Amino acid sequence: MTAHDDSFFLPVGDGHQLAVQIAGNPAGEPVLVLHGGPGSGCSPRLLSLYDPARQRIVAFDQRGAGQSQPEGETRANTTAHLIADIEHLRRQLGIARWRVTGGSWGATLALAYAMAHPQAVTGLVLRSSFLPGMGNVRWFFQDVAEHCPAAWQALAAGVEEGERSDLLAALMHRLVSPDPAVARAAAMAWARYESAVAEPTVPRLADLPAPELDRLVRKYRLQGHYLAAGCFLDEADFLAGCSTLGGLPVTLIHGRDDRVCPPANAERLHAAIPGSRLVWIAGCGHQAFNPAMVAAWRAALVRAD
């Protein structure tokens, strides 16, 4: 962060206010940061991946996420709303065009925004891209069982046997329970599963105190709201729309061992986006801060093309 840092809340309608952070060089290249999740919010560590000396870094917590208000709100909260919010933010800041960046769900949102507003985008840098649609949701909650059996069994153990064919629905049923203990247990189980799949060498997440668990409940309610709807995007239409981005410089960076967003995602996007560049990171899963991933990310942000 620098002396030029700023933060504020931006009303976007429907009772939502976005928490916006601006850092870096006011005269630098405008770069938009889109966080993952959905619902995760931007963290200082995420912003550390950018160069405040040469970039005007614009980050915001999406509707209901992070510090945005109301926290965890799912009403008037769809991908179309988020795309409109991004464009509203750009206009509010007086930015003519900006580079749009994001990882995981943030990569999906970056692509969807670029399809809707190509005239506002100078290029895309994307990491560990998630593909929308129910097939990809099923991969994470069901098909990963073949690749990460211990993690999947631990998650499935928390629901009835008859619910295990749709773990997302089972978790969402518990996350909206009027019993806080039930909702907290579901959120903790989801967080541990996510961590185990994304970073299998990291120790099991420790128990969290009640206030942090309640924030986690709100985060996963919001994430489940998106995932249960396939992120409000059709996979085939989304990939077809990617073909319109051929005039933009697009860099895709993906870990060879990613189990959250399988490498096939990057291959399909690379094939769909004319002229896109695909960078593979060996020995890396779904880890934004793997040293090789960080190096590739920073190198991509330096490229002017």
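The values are calculated or read from the model by the stated rules, or taken from the named source; none is laboratory data. Predicted model only: the values in this text are computed from it and were never measured. Cβ sites come from the backbone with ideal geometry, for glycine too, and all protein chains shown count toward neighbours.
Check 84, 150, 110 and return the single one that is in a helix (DSSP H, G or I) and either surrounded by fewer than 16 Cβ atoms within 10 Å (Cβ to Cβ) or in contact with a Lys or Arg (Cβ under 9 Å, 6 or more places away or on another chain) (or both). Talk me through it step by step, then tell me what you get.
Working: 84 fails: either surrounded by fewer than 16 Cβ atoms within 10 Å (Cβ to Cβ) or in contact with a Lys or Arg (Cβ under 9 Å, 6 or more places away or on another chain) (or both); 110 fails: either surrounded by fewer than 16 Cβ atoms within 10 Å (Cβ to Cβ) or in contact with a Lys or Arg (Cβ under 9 Å, 6 or more places away or on another chain) (or both).
The match here is 150.
Residue 115 passes all but one of (1) at pLDDT 95 or above; (2) exposed (fewer than 15 other Cβ atoms within 10 Å of the Cβ); (3) over 15 Å from residue 58 (Cα atoms); which number fails?
Here residue 115 clears every test but (2).
Please go through segment 237-267 and give me each residue that is charged (D, E, K, R) and touching a Ser or Thr at 6+ places or on another chain (Cβ under 9 Å), ordered by number.
258
Which residues, taken from segment 52-81, are closer than 22 Å to residue 25 by Cβ and part of a strand (DSSP E or B)?
Applying the first criterion (closer than 22 Å to residue 25 by Cβ) to segment 52-81 yields 52-60.
Correct list: 55, 56, 57, 58, 59, 60.
Given the condition in contact with a strand residue (DSSP E or B) (Cβ under 9 Å, 6 or more places away or on another chain), within 24 Å of residue 288 (Cβ to Cβ), exposed (fewer than 14 other Cβ atoms within 10 Å of the Cβ) and at pLDDT 95 or above, answer yes or no: does some residue in segment 223-246 qualify?
No, segment 223-246 has no match at all.
Considering each residue of segment 41-68, count those that are in contact with a Cys (Cβ under 8 Å, 6 or more places away or on another chain) and without any contact (Cβ under 8 Å) to a residue 40 or more places away in the chain, and give that number. Walk me through it before giving the result.
Here is the first cut: in segment 41-68, the ones in contact with a Cys (Cβ under 8 Å, 6 or more places away or on another chain) are 59-61, 66.
If we keep only those that are without any contact (Cβ under 8 Å) to a residue 40 or more places away in the chain as well, we get 59.
Qualifying residue count, segment 41-68: 1.
Just give me the residues in segment 157-171 being closer than 22 Å to residue 222 by Cα, surrounded by fewer than 20 Cβ atoms within 10 Å (Cβ to Cβ) and among the aliphatic types (A, V, I, L, M), in sequence order.
159, 168, 169
This table checks each residue for (1) crowded, with 21+ Cβ neighbours inside 10 Å; (2) in contact with a His (Cβ under 7 Å, 6 or more places away or on another chain).
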position: 10; (1), (2): no, no
position: 33; (1), (2): yes, no
position: 41; (1), (2): yes, yes
position: 44; (1), (2): no, no
position: 49; (1), (2): no, no
position: 54; (1), (2): no, no
position: 67; (1), (2): no, no
position: 88; (1), (2): no, no
position: 92; (1), (2): no, no
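On the basis of being part of a loop (DSSP other than H, G, I, E, B) and of a type in the set (A, V, I, L, M), does residue 95 make the cut?
Yes, satisfied.
Evaluate segment 26-37: report whether one residue or more is of a type in the set (A, V, I, L, M, F, W, C), at pLDDT 95 or above and under 19 Å from residue 223 (Cβ atoms).
So far as segment 26-37 goes, yes, one or more of its residues are of a type in the set (A, V, I, L, M, F, W, C), at pLDDT 95 or above and under 19 Å from residue 223 (Cβ atoms).
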